1. In the list 82, 97, which residue meets the criterion of being farther than 23 Å from residue 123 by Cα, in contact with a strand residue (DSSP E or B) (Cβ under 6 Å, 6 or more places away or on another chain) and surrounded by 16 or more Cβ atoms within 10 Å (Cβ to Cβ)?
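Quick note: the coordinates plus some simple rules give every number you see, no bench work behind them. Bear in mind that the values here come from a model prediction, so they are computed numbers and not experimental data. Here the Cβ positions follow ideal geometry from the backbone for every residue, glycine too, while neighbour counts run over all protein chains shown.
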């Protein structure tokens, strides 16, 4: 009997300043002016609560610190700055999420709230995100 190894799941993800997106949709900002960051190696971390971006990406996106949130991890408890929202896009599905600021030496972390909002399921065996089998693979929002 062999041991099945579960690998980490990394995905390509795009982050857009949601206020820039709104201005673009109103015709007040040219599409190329929307502050955007795309990474090829965002870590899907279902142990993380929300969306966490390194400080350098927060600065590139022009996000504002809005409030703080208590957090805990391997290093114990900490207070992390929470920033204005972004439009997160993974594999053609998008949602709006507040952003927690983390240190620049940490990877982008796509937490459980983001995974659920996009109706993805983590396939650790094949190291990928798949459409929720309970919804036939489609992105369906449950409202009750």
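1. Values: 97 fails: farther than 23 Å from residue 123 by Cα.
Matching residue, one of 82, 97: 82.
So that you can scan it fast, the table gives a plain yes or no per residue for (1) within 16 Å of the chain's Cα centre (by Cα); (2) closer than 14 Å to residue 16 by Cβ; (3) surrounded by fewer than 15 Cβ atoms within 10 Å (Cβ to Cβ):
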site: 37; (1), (2), (3): yes, yes, no
site: 51; (1), (2), (3): yes, yes, no
site: 54; (1), (2), (3): yes, no, no
site: 58; (1), (2), (3): yes, yes, no
site: 71; (1), (2), (3): no, no, no
